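Presented below is the structure to which this report refers.
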Amino acid sequence: MGCQAGAITKDGSCSVAVSGQNAEIFQAQGLEPVTSENTSMNGTPGYLVRPDDNGTYPSVVMIHEWWGLNGNIRHMADILAGHGYTVFAVDLYDGEVATNSSTAARLSGQVRNNPDEAVEKMSRATDAIREKNYTNKMVSSLGWCFGGGQSLQLSLSDTELNSTVIYYGTLTTNQSKLENIDQPVLGIFGSEDNVVGLENVKEFNSTLERLGTEKEIHVYEGAGHAFANPSGESFRPNATQDAWNETLEFLDKNLRQP
């Protein structure tokens, strides 16, 4: 996201995808060197990337869009790891990646039809990454679109997270369910999102407010669904840059132990 496929290097440099869609949006310069591998965490497949040193870092379980664990998500995992995080981008499609909407609908539908299985996969990964000797035991979930909804579902489960990040994912406004959310919560949405819906976002925010949940909800005026994906027609560079900065600040504040 923000770089041409395969163009980002492990030292954090990359080439722009399209004029105006540059790596600066994701603060992808001056990053720490990282090491990465395709692997499994307690039986859950995915992409693991972390700083290439002997330090201990907070962790993020990253969940892909409905396209699957493609180059965009891998790039974002590389970039976030370069900011000093251990990132495990889960693969909920078991190796399949969609390149058209019909395949994406089929794959995401399979996951949505078996929600407990998806949560179990993410939960196993969360527990596994927390026990690694290169982490500080603090873990957040983070997902976009389909992955944003999955980030919420993981947070509502019995799995313990130290924070939750949702980028325009499907929401629940049921108060009894939201009592179980792992806080603090960062929500990123667009005012013109016809998938999630602004009224739904407002109700979600109000419900968390009633529950006393620690949260930050950001709604970007004029932005639609998937506005933070540079490869999509809805891309909004200014909103994306601000949202990514908010995300980095949120994770830094809530996952780095004093």
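Miscellaneous remarks
- Rounded to whole Hz, the Karplus (6.51, -1.76, 1.60) HN-Hα couplings of segment 71-86, x for glycine and proline: x, 4, 5, 4, 4, 5, 5, 4, 5, 5, 4, x, 8, x, 9, 8
- Counting 0.36 nm for each residue step from Asp158 to Gln257 and taking away their Cα separation leaves a gain of 33.3 nm.
- Calculated FRET value between Asn238 and Glu96, using beta carbons and R₀ = 35 Å, to 0.05: 0.55
- Cα gyration tensor shape of segment 64-198, rounded if a/c is under 1.5, else prolate or oblate by comparing a/b with b/c: rounded
- Alpha-carbon centroids, segment 107-151 and segment 22-69: separation in whole Å: 14 Å
- Three-way shape label, segment 70-121, alpha-carbon gyration tensor, a/c 1.5: oblate
- Listed by Cβ neighbour count within 10 Å, with the fewest neighbours leading, Val185, Val195 appear as Val195, Val185.
- Listed pairs Lys177/Lys253; Lys137/Lys253; Lys202/Lys253 exceeding 21 Å between Cα atoms: Lys177/Lys253; Lys202/Lys253
- Two-site FRET efficiency, Asn113 against Glu203, from Cβ-Cβ distance with R₀ of 30 Å, rounded to 0.05: 0.70
- In terms of its Cα atoms, segment 151-258 spans 37, 34, 20 Å along the principal axes, sorted from long to short.
- Share antiparallel - DSSP beta bridges, the chain, percent rounded to 5: 35 percent
- Overall, the ratio between the Cα radius of gyration of the chain and 2.2 N^0.38 Å, rounded to two decimals, is 0.92.
- Simple point charges give the picture: +1 on the Cβ of Lys and Arg, -1 on the Cβ of Asp and Glu, and for the chain a dipole about the Cα centre of about 200 debye.
- The chain: most fluctuating residue of Leu198, Leu48, Leu92 per GNM, C-alpha cutoff 10 Å: Leu198
- Top of Asn70, Asn205, Asn100 by mean-square fluctuation, Gaussian network on the chain, Cα under 10 Å: Asn100
- Phi angles across segment 107-119 convert, under the Karplus curve 6.51 cos²θ - 1.76 cosθ + 1.60 with θ = phi - 60°, into 3J(HN,Hα) values of 5, 5, x, 4, 5, 5, 6, 10, x, 5, 5, 5, 4 Hz, Gly and Pro given as x.
Any read-out appearing in this document is the output of simple, stated calculations on the displayed coordinates, not a laboratory observation. This structure is a prediction, so every number in the text was calculated from the model and none was measured. Heads up, the Cβs are rebuilt from the backbone with ideal geometry, glycines too, and the neighbour counts pull from every protein chain shown.
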